[in-house]
């Protein structure tokens, strides 16, 4: 007899310690174009692996690199989600204080800021 659970466990292989680009999109609360632009700028390192399910090459980001990026940078939308403040209000406050995005928003198609540079100003908005 064939055990269906045993076959399923053999077929359901995942690669540990990496995120697909779709997972990176979700983590950054953005879209594929923005993720692609961050990769092209070299701020999110990628590697290519063979997907164990499809046997096709797949670009992935290590969880460690993703965590490092997310700890250091945040988009306006991420900040808005984290602090519960409308993203335009955050953007206006940062512009007013002369804080610029870490990467050219025209190239990335989103505004990412260094967390260390913005958190004090955002805390003022929360009060």
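A short reminder: the numbers here are calculations on the coordinates, not readings from a lab. Just so it is clear, the structure is predicted and the values come from calculations on it, not from any experiment. We place every Cβ from the backbone using ideal geometry, glycine too, and count neighbours over all the protein chains shown.
For the chain, set up a Gaussian network in which alpha carbons nearer than 10 Å are linked by springs, and say which option among 63, 16, 25 fluctuates the most.
For the chain, modelled as a Gaussian network with Cα springs under 10 Å, the answer is 16.
Relative to the longest principal axis of the chain, what angle (0 to 90°, nearest 10) does the C-alpha long axis of helix 32-41 take?
80 degrees
Calculate, in whole percent, how much of the Cα-Cα pair population of the chain lies beyond 21 Å. Show your work: numbers first, answer last.
Working: 3891 of 8001 pairs.
Of all Cα-Cα distances in the chain, 49 percent exceed 21 Å.
Which value results for Rg/Rh of the range 71-127 when Rg is the Cα radius of gyration and Rh the Kirkwood radius based on the inverse mean 1/r?
Working: Rg = 10.2 Å, Rh = 11.1 Å.
Taking Rg over the Kirkwood Rh, I get 0.92.
Say we join alpha carbon atoms closer than 10 Å with springs in a Gaussian network model of the chain; which of 62, 111, 47 then has the biggest fluctuation?
47
Could you give the angle, 0 to 90 degrees to the nearest 10, between helix 87-96's Cα long axis and the longest principal axis of the Cα atoms of the chain?
Between helix and principal axis, roughly 50 degrees.
Give me the mean projected area, in nm² to one decimal, of the convex hull enclosing the Cα positions of the range 19-84. Let's see the in-between values first.
Numbers: hull surface 18.8 nm².
Averaged projected area of the range 19-84's Cα convex hull equals 4.7 nm².
State, to one decimal in nm, how far the label point of residue 16 lies from the label point of residue 114, with both points 7 Å from Cα in the Cβ direction.
In this crude spin-label approximation the distance works out to 3.5 nm.
Taking only Cα atoms, what is the 0 to 90° angle, nearest 10, from helix 63-72's long axis to the longest principal axis of the chain?
Approximately 10 degrees, to the nearest ten.
What length, rounded to one decimal in nm, is gained on full extension from residue 124 through to residue 82, with 0.36 nm per residue of separation minus their alpha-carbon distance?
Values: separation 42, 0.36 × 42 = 15.12 nm, distance 1.44 nm.
Extending this stretch completely gives an extra 13.7 nm.
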